[in-house]
Amino acid sequence: IISIPRKTALNIGLKYGNLKMDNHSGTFKANLSYANLDAQSFSSDTPSIDSKYGNITLCSAKNLSLAASYSKVFIDKLDKIQLSGKYTDYTIKNVGTIDTGDSYSYGNFKIGTLGTMKANVKYADISIENLTSTFTVNAAYGNINLKTLNPKSCDITIDGTYSDVTVIISENTPTAFNVNLNYGNLI
């Protein structure tokens, strides 16, 4: 057990272990291999985590930069996440923005409430309980399921190859769609 002052910068390299943290407000960078991270919250600008073969559990953060491979990620609340990696499953309850950059592959996204998603994914299923704003996804070999859309407005753009897309729209929901599917279904 290590106690440090609140705004102390942390740069952690950990192999084969577990890291459990309370609230942290200083600069944070972690390189984890075969290690699990369990953290309450990060209030610094953009914590950076690189995880291979481990689990990440986080209650809240404003912005997060995450490179995860062969991992499982559980997050309660985020304003924004920039992610990369492969073979990682994400379960996020509430997130403002998700950006996968150029490419993300072999993992699934299970998201409660989502504001905006910009993603380029391969072999990844995406399930969104509640979409509130913009969804722009280029998907190959994965299924997309949008269960509830914001009753005020949503903008959805999907380019899919070998992907099925399911969107549930309630009456009187103004929504703009641009869907281009090759070898997939729109339900």
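The values are calculated or read from the model by the stated rules, or taken from the named source; none is laboratory data. The structure presented is a predicted model; accordingly, all values stated were derived computationally and were not measured. Cβ placement follows ideal geometry from the backbone for every residue including glycine, while neighbour counts extend to all protein chains displayed. In case anyone asks, the SASA skips ligands and DNA or RNA and just uses the protein heavy atoms, side chains included. Shrake-Rupley method; radii C 1.70, N 1.55, O 1.52, S 1.80 Å.
Count of the range 82-95 residues, restricted to those that are modelled with pLDDT under 95 and either under 16 Å from ILE128 (Cβ atoms) or of a type in the set (D, E, K, R) (or both), is 2. Select from the range 109-135 the residues that are within 14 Å of the chain's Cα centre (by Cα) and more than 20 Å from LYS77 (Cβ to Cβ) and list them in ascending order. Correct list: ASN120, VAL121, ALA124, ASP125.
For the range 12-27, the candidate set comprises residues that are among the polar types (S, T, N, Q) and in a loop (DSSP other than H, G, I, E, B); within that set, the residue that is nearest to SER69 (Cα to Cα) is THR27. When ILE128, ILE81 are checked against the criterion of being under 28 Å from ASN185 (Cα atoms) and among the hydrophobic types (A, V, I, L, M, F, W, C), a single residue qualifies: ILE128. Applying the criterion of at least 1 residues that are open to solvent by 20 Å² or more (accessible area, probe 1.4 Å) and in contact with a Gly (Cβ under 9 Å, 6 or more places away or on another chain) to the strands (runs of 3 or more DSSP E) found wholly in the range 58-157 leaves 72-86, 89-99, 109-122, 126-140. Listed by first and then second residue, the pairs linking a residue in the range 38-61 that is under 13 Å from PHE28 (Cβ atoms) to a residue that is open to solvent by 60 Å² or more (accessible area, probe 1.4 Å) and in a strand (DSSP E or B), with Cβ atoms under 6 Å apart and 6 or more places separating them unless they lie on different chains, are GLN40/ASP22; GLN40/ASN23; SER41/ASN23; SER48/LYS29; ASP50/ASN31.
For the range 171-187, a residue qualifies if it is open to solvent by less than 70 Å² (accessible area, probe 1.4 Å) and either aromatic (Phe, Trp, Tyr) or part of a loop (DSSP other than H, G, I, E, B) (or both), and the qualifying residues are THR173, PRO174, GLY184. The one condition from (1) buried (at least 16 other Cβ atoms within 10 Å of the Cβ); (2) in contact with a Cys (Cβ under 9 Å, 6 or more places away or on another chain) that VAL165 does not meet is (2).
Selection within the range 33-57: residues that are assigned to a loop (DSSP other than H, G, I, E, B) and open to solvent by 10 Å² or more (accessible area, probe 1.4 Å). The member of this set that is nearest to TYR90 (Cα to Cα) is TYR53.
Part of a strand (DSSP E or B) and within 16 Å of ILE75 (Cβ to Cβ), is that true of ALA30? Considered against the rule, which asks whether it is part of a strand (DSSP E or B) and within 16 Å of ILE75 (Cβ to Cβ), ALA30 comes out as yes. Here LEU149, LEU131, LEU114 are screened, and the one residue that is under 25 Å from SER51 (Cα atoms) and either touching a residue at least 60 places away in the same chain (Cβ under 8 Å) or not small (Gly, Ala, Ser) (or both) is LEU114.
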